[in-house]
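A quick write-up on the structure given underneath.
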Amino acid sequence: MKGSWRFTIGFGAFGALLICLLSLSNNPLGTSLLRGLYAFLAFAALALVVGFVLGQLLATGKPAPSGAEVPSDRGSMLDLTIPDEGEALSEMMKEQWADGKSATATDGEAMSFQPLQPKRVVSLDNPNPEEVAQAIRRLTDE
């Protein structure tokens, strides 16, 4: 894209034509042409910037200095070795399992767990009229 003046001029002309046609319905001819000229400059500048960025991104890397030898297979292989920690991990898990079991067995609080018991459960199938009246009084703050 670097040095492609046809792309820049073509993109600028496309923008100028588009803006000129869109503004022609609401503006006089002179104003539409002036806005088309401004659009040409803006679109051409945008095309130059996009062309420069794409040229930099797509450019091949710089050649290596002639004095340095670069191996041909450089960067093509990745050799990772992970140490075997299976034994240490299983021992750690066994210790945590044993500590967790003994802690829960000796804790009196954990062994004496009791679920919450609500004070009063109201059935909606056969409501007591007195309870319904009290509930309505409480809700209306009477």
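The numbers here are math on the coordinates, done by the rules we state, and not lab data. The model shown is predicted, which means the values in this text are computed figures rather than measured ones. Backbone-built Cβ (ideal geometry, glycine too); neighbour counts: all protein chains shown.
Across bins of 5 angstrom width beginning at 0, how are the C-alpha pair distances of region 5-56 distributed, in whole percent?
All Cα pairs considered, the percentages come to 5, 26, 24, 18, 12, 8, 4, 2, 0.
Place the peptides 49-60, 78-89, 12-23 in order of packing, highest mean first, counting for every residue the other Cβ atoms within 10 Å and averaging per peptide.
12-23, 49-60, 78-89
Give me the distance in nm between label points sitting 7 Å out from Cα along the Cα-to-Cβ direction at Ala45 and Leu17, one decimal.
With each label point 7 Å from Cα toward Cβ, the separation is 2.3 nm.
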